[in-house]
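Visitor: Here you go, one structure.
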Amino acid sequence: MISRVAPVATVVLAIVLLWYAGAVALNSAWAHDKAKRANVTLGFNELVMDTWAQEKPRLPAPHQVIAEIYKTTVLKKITSKRSLIWHGWVTLSATLLGFGLGTGLGISLAVGIVHSRAMDMSVLPWVIASQTIPILAIAPMIIVVLNAVGISGLLPKAMISMYLSFFPVVVGMVKGLRAPDSMQLDQMHTWNSSRSTMFWKLRLPSSMPYLFTSLKIAMAASLVGAIVGELPTGAVAGLGARLLAGSYYGQTIQIWSALVSAAILAATLVAIIGFLQSITLRRMGMVR
Amino acid sequence: MIWISGALVFWVLMWMLNVKLSRRPSSRLVGLLVPAIFGVSILVIWEALVHGFEISPVLLPAPSAIAVRFANSLPTLWVDFVQTFVKGAMSGYIIGCGAAFLTAIAVDRSPFLQRGLLPVGNFVAALPIVGLAPILVMWFGFDWQSKSAVVVVMVFFPMLVNTVEGLKASDHMQRDLMQTYGASYSQGLTKLRLPAAMPFIFNGLKICSTLALIGAIVAEFFGSPVRGMGFRISTEVGRLALDMVWAEITVAALAGSAFYGSVALIEKSVTFWHPSQRKR
């Protein structure tokens, strides 16, 4: 346990130290500027203290970000528009909806691709090509167009999440559904099983490890999709809107707190899938 | 009505053709023809449906309108392409992937650092890094340098994780053999472990090639000079000139595919020995 935690802890500690050092380096110009106007000379200690406590620093120190997160989660009411939990929930709901839609689309495409050769040959290359299009770039257009049609709110953002998250699922599930080797498939044939039995009893169970690996990637991707989807809506709600509003008004601490909470959200979601994965695979006897 | 029924008939015909083609013994020609037919039929149906339902060009322009717009605004598209792709994405891609590669080699001799960096790298690779874009735009200004910085941060960790993973890919027997030859560390690295890491490195390079373009375009939403693909997309959406947006998307798709394709081609010639590259 120690041998696994110690290296990670060292790297994380190094990152935090670098962060504090970076805050000093990036914010000292403003601190010097301020001191000059006030006609005081800064000693080293005062300089460092000042760079870690500015109101609009170029790089806020970690404790400032944590304080801001604490202020906007615990001290604010959840229904308040300043509550990070409320914004996080807006993003989370779009993420989950998009993730669900994307997973559904991905699995059904994969089932079609595995069972129909025509679909395999015509759809799969385009699925791969579809990801070389930077979809995030189209996000503003999708949002605006869907708004014009009358679809607004959750769905447009979820569509972008869906587009980003279906791809890893298709690729992973095609691989997974094809994972049973010919011996196992032949065995099923000798039992005279139909294609659907073969699917439910052999292909689907053996695709589970691939499914969960893809789901983790899909979840991370759909969170990115939801955040970018919030940018063009004019900064109304959600973590992406907090980012944009923060960048308009130079509220760096707000940007960083939105970023850190997005990171926490991503880590939690991926960890939940990892947890489900270990339970499912253990119950199916697939853990090696 | 005639457009819609025409589209349906065309779809059914093309699908039957594809089913027929895919039943034939696979060859190179069929492998290219089938997806091509599928792509063309989608374009034709798109065109027909736009005419059939009389969808306003503000919502969804027809492919023909996009093609006309594309042909008419080549100079603008080229300027945007140079600004976003060549200056922003490519420079960031090279710096980011290069730095990640060098970092991976630097931590290679310390298993302690590796064990620390891998989980952290995997974690960061799953984060919404795009969110850093506004901050980096604030730090590096509106021009391509900030876009390049966003791309560097986006590609660094996926590339690092893949390279570190790759450097572990050679097995014990092979490393022992190098030792019996009396190979030094650097010889072992250049003659055995780097070549063995190439499939992983190229996997990272391929993932990063799509990330780079996305990063450069999204970073432009947070501020850019009056050129660039992201800038054009966000302003033309505001003016409801969707045919221009789609022309820009076409450029992005072509550039992205060409970039990915060229990395894949280099991969093919470098890792010709790997099972996944052999002819089936």
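Visitor: Can you tell me, using C-alpha contacts under 8 Å and at least 6 residues apart, the relative contact order of segment B:116-268 as a whole percent? If you can, show how the numbers build up before the last one.
Guide: Numbers: 154 pairs, mean separation 39.1, N = 153.
After rounding, I find 26 percent.
Visitor: Quick check on the exposure proxy: order A:Arg178, A:Arg195 from fewest to most C-beta atoms within 10 angstrom.
Guide: Numbers: A:Arg178 16, A:Arg195 10.
The order, fewest Cβ neighbours first, is A:Arg195, A:Arg178.
Visitor: Still on this structure, I have one more. Between segment B:142-215 and segment A:31-83, what is the separation of their alpha carbon centroids in Å?
Guide: After rounding, the separation between the Cα centres reads 38 Å.
Visitor: Mind telling me which of A:Ala23, A:Ala67, A:Ala38 comes out most flexible in a GNM of chain A, alpha-carbon contacts under 10 Å?
Guide: Most flexible of the set in this elastic network: A:Ala38.
Visitor: Report D for chain B in µm² per second (integer): Stokes-Einstein, Kirkwood Rh on Cα pairs, 4 °C, 1.567 mPa s.
Guide: Numbers: Rh = 21.9 Å.
My calculation gives 59 µm²/s for D.
Visitor: Let me ask something else. For A:Val16, A:Val145, what's the fewest-to-most ordering of other Cβ within 10 Å of each Cβ? Working shown, then result.
Guide: Values: A:Val16 12, A:Val145 19.
In increasing order of surrounding Cβ atoms, one gets A:Val16, A:Val145.
Visitor: For chain A, what does the relative contact order come out to in percent, with C-alpha contacts under 8 Å and a separation of six or more?
Guide: Across chain A, relative contact order equals 21 percent.
Visitor: Compare the peptides A:179-186, B:214-221 by average per-residue count of other Cβ atoms within 10 angstrom and give them in order, highest first. List each step's numbers first, then the result.
Guide: On the way: A:179-186: 12.0, B:214-221: 29.2.
Listed from highest to lowest mean packing, they are B:214-221, A:179-186.
Visitor: Here's a follow-up. Taking each residue in A:179-185, count the Cβ atoms of any other chain within 10 Å of its Cβ, then average. What number comes out? Write out the running numbers ahead of the final one.
Guide: Working: counts 0, 0, 0, 0, 0, 0, 0.
Mean partner-chain Cβ count within 10 Å for A:179-185: 0.
Visitor: With the Cα gyration tensor of segment A:1-84 giving a ≥ b ≥ c as the square roots of its eigenvalues, does the rule (a/c under 1.5 for rounded; else a/b larger than b/c for prolate; else oblate) give rounded, prolate or oblate?
Guide: Values: a/c = 3.48, a/b = 1.21, b/c = 2.87.
The shape class here is oblate.
Visitor: Taking Cα atoms, how many degrees apart are the long axis of helix A:239-249 and the longest axis of chain A, rounded to 10 and kept between 0 and 90?
Guide: That works out to roughly 30 degrees.
Visitor: Mind scanning A:Lys175/B:Lys20; A:Lys216/B:Lys191; A:Lys157/B:Lys147; A:Lys76/A:Lys216; A:Lys36/A:Lys71 and naming the pairs with a C-alpha gap bigger than 27 Å?
Guide: Details: A:Lys175/B:Lys20 25 Å; A:Lys216/B:Lys191 35 Å; A:Lys157/B:Lys147 24 Å; A:Lys76/A:Lys216 31 Å; A:Lys36/A:Lys71 32 Å.
Pairs exceeding 27 Å: A:Lys216/B:Lys191; A:Lys76/A:Lys216; A:Lys36/A:Lys71.
Visitor: Put +1 on the Cβ of every Lys and Arg and -1 on every Asp and Glu Cβ in chain B; which of B:Phe85, B:Thr190, B:Phe10 then has its Cα farthest towards the positive end of the dipole?
Guide: Towards the positive end, the residue furthest out is B:Thr190.
Visitor: Using the beta-carbon distance between A:Phe44 and A:Thr268 and R0 = 35 Å, what value does 1/(1 + (r/R0)^6) give for FRET efficiency, to the nearest 0.05?
Guide: Working: r = 40 Å, r/R0 = 1.13.
Efficiency computed from Cβ-Cβ geometry: 0.30.
Visitor: Which residue, chosen from B:Ala241, B:Asn203, B:Val218, occupies the Cα position most advanced towards the positive end of the dipole of segment B:179-274, where the dipole is computed from +1 (Lys, Arg) and -1 (Asp, Glu) charges on Cβ about the Cα centre?
Guide: Among B:Ala241, B:Asn203, B:Val218, the one farthest towards the positive end of the dipole of segment B:179-274 is B:Asn203.
Visitor: Okay, next question. Give the order of A:Ser165, B:Ser184, A:Ser214 when sorted by the count of other beta carbons within 10 angstrom, beginning with the fewest.
Guide: Ascending Cβ contact count within 10 Å gives the list B:Ser184, A:Ser214, A:Ser165.
Visitor: To continue, here is another question. For segment A:38-104, give the magnitude of the charge dipole about the Cα centre (Cβ charges: +1 Lys/Arg, -1 Asp/Glu; no others), in debye to the nearest 20.
Guide: Values: 7 positive and 4 negative charges, 78 e Å.
Value, rounded to 20: 380 debye.
Visitor: With angles folded into 0 to 90 degrees, how steeply does helix B:28-52 sit against the dominant principal axis of chain B? Use alpha carbons for both and round to 10.
Guide: 40 degrees
Visitor: Also: Please compute the net charge surrounding B:Pro61, taking Lys and Arg as +1 and Asp and Glu as -1 over other residues with Cβ under 15 Å from its Cβ.
Guide: Summing Lys/Arg as +1 and Asp/Glu as -1 gives -3.
Visitor: How many Cβ atoms of partner chains, on average, are near each residue of A:53-62 if near means within 10 Å of its Cβ?
Guide: On the way: counts 0, 0, 0, 0, 0, 3, 3, 1, 0, 0.
Rounded to a whole number, the mean comes out at 1.
Visitor: Which value, in debye to the nearest 20, gives the size of the charge dipole of chain B about its Cα centre, when Lys and Arg are +1 and Asp and Glu are -1 at the Cβ?
Guide: Numbers: 21 positive and 13 negative charges, 208 e Å.
With only Lys, Arg, Asp and Glu charged at Cβ, the dipole is about 1000 debye.
Visitor: Compute the Cα gyration tensor for the protein assembly as shown, then decide on rounded, prolate or oblate, letting a ≥ b ≥ c be the square roots of its eigenvalues: rounded whenever a/c is under 1.5, prolate when a/b is larger than b/c in the other cases, and oblate in all that remain.
Guide: Values: a/c = 1.66, a/b = 1.20, b/c = 1.38.
Taking the square roots of the gyration eigenvalues as a ≥ b ≥ c, the protein assembly as shown is oblate.
Visitor: Here's another thing I want to ask about it. For chain B, set up a GNM with springs between Cα atoms under 10 Å and report which of B:Ala106, B:Ala169, B:Ala255 has the largest fluctuation.
Guide: Residue with maximal mean-square fluctuation among B:Ala106, B:Ala169, B:Ala255: B:Ala106.
Visitor: Could you tell me the center-to-center distance, by alpha carbons, between segment A:214-288 and segment B:220-280 in angstrom?
Guide: Segment A:214-288 and segment B:220-280 have Cα centres spaced 24 Å from each other.
Visitor: Let me ask something else about it. Roughly how crowded by other chains is peptide A:122-130, in terms of the mean Cβ count from those chains within 10 Å of each of its Cβ atoms? Walk me through the intermediate numbers first.
Guide: Working: counts 15, 4, 3, 7, 4, 0, 3, 6, 1.
Per-residue shielding by partner chains comes out at 5.
Visitor: Turning to a different aspect of this structure: Using +1 at the C-beta of Lys and Arg and -1 at the C-beta of Asp and Glu, which of A:Phe199, A:Met121, A:Met173 has the Cα lying farthest in the positive direction of the dipole of chain A?
Guide: Working it through, the farthest residue towards the positive pole turns out to be A:Phe199.
Visitor: Still on this structure: If you place +1 on the Cβ of every Lys and Arg, -1 on the Cβ of every Asp and Glu, and leave all else neutral, what size is the dipole of the protein assembly as shown about its Cα centre, to the nearest 20 Debye? Walk me through the intermediate numbers first.
Guide: Working: 44 positive and 22 negative charges, 239 e Å.
That gives a dipole near 1140 debye.
Visitor: At a Cα cut-off below 17 Å, give the lysines reachable from A:Lys34, other chains included and same-chain residues fewer than 8 away excluded.
Guide: Excluding near neighbours in sequence, the set is A:Lys56.
Bear in mind these aren't lab numbers, they're just calculated from the coordinates by the rules spelled out. This is a predicted model, so every value here is computed, not measured. Every residue, glycine as well, gets a Cβ built from its backbone with ideal geometry; the counts of neighbours run over all protein chains shown.
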